[in-house]
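Report on the following structure.
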Amino acid sequence: MIAELGQFALILALIVAFIQFALPMAGSLTKQHAWQYLGRPTAWLQCALVATAYACLLTGFLSDDFSITYVADHSNHLLPTPYKFAAVWGGHEGSLMLWVLFLAIWTSLVAYFSKSLPIGIISRVLSVLGFISVGFLLFILFTSNPFLRSLPAPLDGHDLNPLLQDPGLVIHPPMLYMGYVGMSVAFAFAIAALITGRLDSAWSRWSRPWTVIAWSFLTLGIGLGSWWAYYELGWGGWWFWDPVENASLMPWLVSTALIHSLMVTEKRGGFKAWTVLLAIAAFSLSLLGTFLVRSGVLTSVHAFASDPTRGVFVLCFLAVVVGSSLTLFAWRAPQVTLGGSMGLLSRETFLLLNSVLLSVATAAVLLGTLYPLVIDALNLGKLSVGPPYFNLVFAPLMVPLLFILIPGTVAKWRSASLPDMVNHLKWIAIFSVVLGACLPFLLGEWSIGAFIGWTLGLWVGLGTLQHIFERALKPGRIGGSFWGMQFAHLGLAIVVMGVTGVKSFEVEKDVKMSVGDEVTIAPYVFKLNDITEVTGPNYKAFQAQIDVVKSGEIIEQLKPEKRRYLSSAMPMTEAAISTNLWRDLYVSLGDPLPGDLHQWSMRVYYKPFVPWLWVGVLIMVLGGVLAAFDRRYRRVSSSGPLQTAAQAVSSLNAQAPSLKDQFFSDQVGNSAHNLSTVQDQNPDITSEHNSSLNENSSPNLNSSGAH
Amino acid sequence: MKKFLIPLVLFGVLVLFLAVGLKRDPHEIPSPLINKAAPDFSLQTLTGTAPFSPQDLKGKVWMLNVWATWCVSCREEHPVLVAFSKQIGVPIVGLSYKEIQPQDDPEKKLSTEALLKLARSRGSVWLERHGNPYTLSVMDLDGRVGIDYGVYGVPETYIIDKNGVIRYKQIGPVTPQTLSETIIPIIKGLENS
Amino acid sequence: MSPLFLIQKLKINGVQNFLWASVLLLLALGTCSTSSLAKEAEPLASDEVVEARLVHIAEELRCLVCQNESLSSSRADLAEDLRAQVREQIIKGKTDQEIKDYLVERYGDFVLYRPAVKPMTWLLWFGPFACLLIALGVLLIAIKRRNEKIQVKEFTSDQSHDVGQWVHMQEQKADQFINATETHTKKLKD
């Protein structure tokens, strides 16, 4: 019953999603106002239906209903309950359910938080989101139905892949999917703006918080994935340039470029066409990632079981969505206005350089990931493109990016002065280079890579701290946007230093140990006390007890395991990690060695600065959250007089014929800026006196707000 | 303005490649040994006392089939090979690939002779039960000859011509379809030349 | 203090002496073993230099039966065999390139994680760099061109005067708004 109910809910959701797509868009194009207002209710209804379907699938897992094929394939009655929650997205069909659920949630959030948006815009945005939902729901119902039954029901399921039975892997996919799906919002805004023909600072102001939140989720998802791989796979690697990892990195790179490009558009109305293209690209890469993982065109440790029919469907969907958006782009972009002028040395240019470097990096990763496919398709044979290529190509692109970051935050809009900037930054530069040159000596061996990595990390870190310090000395409230930027950059600096540190100074020892033996990686001594057999809920394991000794004292006990899950023949390594802010000590139990000495192979690692990777990522995510929830965005969407003012400003912008528009961006932009400053300095009045202020507001401004 | 069409064009090219890619199998590794001399070896056979080398079959078109008793796909392919060996006069040499697996000798205590004996007996029993399409079968216990031939999975089959040059490699089990569509025509072509 | 010295000091008779001696010796050995008799574990590999080179080479090679792992980290059977082969070749004194060539001869380019630089891979290796140069060039030209366009519009437009007036009027409206807000603030405070 539950499965049938779920399937029925999905079918209803498809119908509602189709209405959500068709009617508001048709309404906005033919000026049928009533239809446009259908956008919000259909979005919410679709969300309720998809959530119902998801709940049905979840119930199937929690109640061990093995007559549902998907449940039997990915669960087992011995599976601990928390992992039954995660098992829902353990396979292809379930992960797609997660996709549509999140898409429905994002759509509902957009529908809810868009009260200040003109109905013409919101109807189109929701329509685009509806189209994407339709595509995915069709995909699920026709090729990837999780509700299929197999009768007679097996007595027990196959179990969730042991690799996935882990807390890290429980949160990683949902966070990643929130990021992937979130890119659709910026995409929808871009498409809506292209259709309307209105690409102004208002559009960029609406898009930005949504994009930043999606970016934050994506950053967190990628970070969690790396962290999981690090502690779970047993040899301490955290990035492999696997096609699926690349599929998540590319939208991240492009959305980072997008966030920075939106700043230029918002502030100075410049390079709108490029920003729109980035918004389309970010989501397109999300979709491309979905295709690559499920179609079987690339070999990857992450890939879901592939099926050519599924590949064809996703490719068609990808072609339709991206093809039509790029066609729309080619048609409308020439009409986009230019915005304010910018000097060759200005903040705008630095932000655009950021775009260029990130886009080229994305192109390089895409090229490397798809090159084997291209060569094979051209019948030129088979070749592999692996980490050596990516490391060689990606790192040099990041060097200039990290370098321009600090000047970019310091440069003035429109026109910056080089002598001023040099003066401002010279001490930071000197410190970074000197420290960067000395640290490798102190920490281990000197190498050019360590020098460059440390110098750049310190450059970004110290530059950010200097910026914070200078701003703190000035009067006035500091907004979330500022903190967001600083935290994100600081987090990046910490990640860079972490990567440099671990790659340059890690030590690995591969040894054979019997009970009583010890391994030394100065200043730590690892002593094997015992190896015992332990039993878990669905596995049996050999567990080693290791004392970690420093300066004669036992500072920690590590218990690495070699597990054999009851459902699979594959032995699994559970590494034991001792962590503090500066380093990880990583021990991995290998196999028993033949012979009478009762020896086991053991891998012991000293990994300095690895925790900085995870801490840095978390700080970046925090930065994103702070930036997204800047009062500027919240006020504009919910408070009365500023809402009216924002509408007035954006409508003034819209009404100006294209010739005037370029002047407007500057002047009106300034006015809008003044208004928000006033608001910042007087936070109390706005919320309490909405109604009275509305009465007094100029009728001229209001009348232009109606669309 | 034409420049705005560039993204669309590039995307179109990408979709074309992806579409072609859907039909390809990224796991299949074509052999670089095609049209090159078959690597030489000298291995003990399953039953006989004298070792075998590819030189022994110079002047004839022959097939080398990589198999093992632990290989599941080999069981699917075996009846096809047995039937084929009866209808066509081409010698099929079996390469018993890594018959001894790590779990057979976890303590690594057995001698090479003991391992060879075990492999031979297992292989013989298996062939008796499932049929023997092979003129003879050679024992590649440590897989070195396999590596020389670029073997990366079991079963795999090679067609070698009269001059000892590899002309075709079949990855995966031989099916009646591959036999009739690919293998037999190639063999006929090689025999006539 | 030496345990033997202790035993002498106690001066117990023969058999008891022996028994006590054994007990004390065992105790002494027991306390010593954790600090001085503990063995430093031997490396798993018999030759660390060779092993280090093996890891270095194997990281650039692909495991042929895995879904996308390097030869160095894979646990597959064939990977073990191939690593053994590479080890042998290192011991024989072959160079990195010779070992890679050996594997490419048998398995093709697929086995290399670092694609060889040949005409077929020029696009791969030089593409990103070329792309960067082109993009930088486009950016430069785009900025220059749009600045020219904007300059042109600013100075040749007939409507610039009207636009200026209109802009001024809108700015006044915005200022009115701000004033209204401030008036209300003052009213609040009073």
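FYI, it's all coordinate maths here, none of it is from the lab. A quick note: this is a predicted structure, and the numbers were derived from the prediction, not measured. Note that we place each Cβ from the backbone using ideal geometry, even for glycine, and neighbour counts take in every protein chain shown.
If a spin label sat at a point 7 angstrom from the Cα of A:Ser514 along the line to its beta carbon, the backbone N atoms of segment B:103-118 nearer than 20 Å would be those of B:106-110. Near B:Lys108, which aspartates and glutamates are there with a Cα under 19 Å away, not counting those fewer than 8 places off in the same chain? Candidates past the 8-residue exclusion: A:Asp591, A:Asp596, B:Glu99, B:Asp140, B:Asp142, C:Asp77, C:Glu80, C:Asp81.
Among A:Cys316, C:Cys66, the order by Cβ neighbours within 10 angstrom, fewest to most, reads A:Cys316, C:Cys66.
Shown here are the Rg and Dmax of the Cα trace of the protein assembly as shown, at 34.4, 126 Å. Between C:Asp47 and A:Arg414, the modelled label-to-label distance comes to 7.2 nm, taking each label 7 Å out from Cα in the direction of the beta carbon.
With runs of 4+ DSSP H residues as the only contributors, calculate the mean residue ellipticity of chain B at 222 nm using -39,500 (n - 2.57) per run, divided by the residue total and rounded to the nearest 500.
Values: 5 runs with 66 residues, N = 193.
Taking each H run of at least 4 residues, the total per residue is -11000 deg cm²/dmol.
Determine, from the Cβ-Cβ distance of C:Val65 and A:Lys115 and an R0 of 45 Å, the FRET efficiency 1/(1 + (r/R0)^6), rounded to the nearest 0.05.
On the way: r = 57 Å, r/R0 = 1.27.
Given R0 = 45 Å and the Cβ-Cβ separation, E is 0.20.
Between A:Arg631 and A:Phe482, the contour length at 0.36 nm per residue exceeds the Cα-Cα span by 52.5 nm.
Averaging Cα coordinates gives a centre for segment B:39-86 and one for segment A:441-485; these two points are 67 Å apart.
For B:Ser193 and A:Glu4, what does the FRET efficiency come to when R0 = 60 Å and r is the distance between their Cβ atoms, rounded to the nearest 0.05? Before the final figure, lay out each step's value.
On the way: r = 64 Å, r/R0 = 1.07.
With a Förster radius of 60 Å, E is 0.40.
Report the extension gain between B:Asn163 and B:Ala83 in nm, rounded to one decimal, defined as 0.36 nm multiplied by the number of residues separating them, less their alpha carbon distance. Spell out each step's value before the answer.
On the way: separation 80, 0.36 × 80 = 28.80 nm, distance 2.63 nm.
Gain on stretching B:Asn163 to B:Ala83: 26.2 nm.
With a ≥ b ≥ c taken as the square roots of the eigenvalues of the C-alpha gyration tensor of segment A:303-372, please select rounded if a/c is under 1.5 and otherwise prolate if a/b is larger than b/c or oblate if it is not? Please report the intermediate quantities before stating the final value.
On the way: a/c = 4.50, a/b = 1.71, b/c = 2.64.
The shape class here is oblate.
Applying a threshold of 21 Å to the alpha-carbon distances of A:Lys540/A:Lys607; B:Lys58/C:Lys92; B:Lys58/B:Lys117; A:Lys272/B:Lys2 flags A:Lys540/A:Lys607; B:Lys58/C:Lys92; B:Lys58/B:Lys117 as lying beyond it.
Here r is the Cβ-Cβ distance between B:Asp142 and A:Leu618 and R0 is 41 Å; the resulting FRET efficiency, rounded to 0.05, is 0.25.
How do B:Tyr97, A:Tyr83 rank when sorted from fewest to most other Cβ atoms within 10 Å of their own Cβ? Could the numbers behind the result be given before it?
Details: B:Tyr97 26, A:Tyr83 23.
Result, fewest neighbours first: A:Tyr83, B:Tyr97.
With both bridge residues required to lie in segment B:34-192, what share of the DSSP beta bridges run antiparallel, to the nearest 5%?
Numbers: 13 of 23 bridges.
Antiparallel bridges: around 55 percent, rounded to the nearest 5.
Less than 19 Å from a label point 7 Å out along the Cα-to-Cβ axis of B:Val72: which backbone N atoms in segment A:64-83 qualify, by residue? Backbone N within reach: A:72-75.
Which of B:Lys23, A:Lys272 has the fewest other C-beta atoms within 10 Å, and how do the rest follow up to the most?
Details: B:Lys23 11, A:Lys272 25.
Ranking B:Lys23, A:Lys272 by Cβ neighbours within 10 Å, fewest first, gives B:Lys23, A:Lys272.
For a modelled paramagnetic label at A:Ile555, 7 Å from Cα along Cα-to-Cβ, the residues of segment A:522-541 in reach, with backbone nitrogen under 18 Å, are A:522-528.
A:Ser601 to A:Phe142: extension gain in nm, 0.36 nm per residue of separation minus the Cα-Cα distance?
Details: separation 459, 0.36 × 459 = 165.24 nm, distance 4.93 nm.
Extending this stretch completely gives an extra 160.3 nm.
Return the Rg/Rh value of chain B, two decimal places, where both radii are evaluated on C-alpha atoms and Rh is the Kirkwood radius. Value, to two decimals: 1.12.
Of interest is the spacing of the C-alpha centroids, which for segment A:345-393 and segment A:19-56 amounts to 38 Å.
For segment A:1-165, what relative contact order do you get, as a whole percent, if you take Cα pairs closer than 8 Å and at least 6 residues apart?
Details: 264 pairs, mean separation 59.3, N = 165.
The value is 36 percent.
How many partner chain Cβ atoms sit within 10 Å of a residue's Cβ in peptide C:122-130, on average, as a whole number? Per residue, the average neighbour count from other chains is 5.
DSSP assigns beta bridges within the protein assembly as shown; of those with both partners inside it, close to 85 percent run antiparallel.
Given contacts defined as C-alpha pairs under 8 Å and at least six residues apart, what's the relative contact order of chain A, whole-number percent?
12
Distance between the 7 Å Cα→Cβ label points at B:Thr112 and A:Val534: 4.4 nm.
From the Cα gyration tensor of segment C:48-111, with a ≥ b ≥ c the square roots of its eigenvalues, which class applies: rounded if a/c is under 1.5, or else prolate if a/b is larger than b/c, or else oblate? It comes out oblate by the Cα gyration axes.
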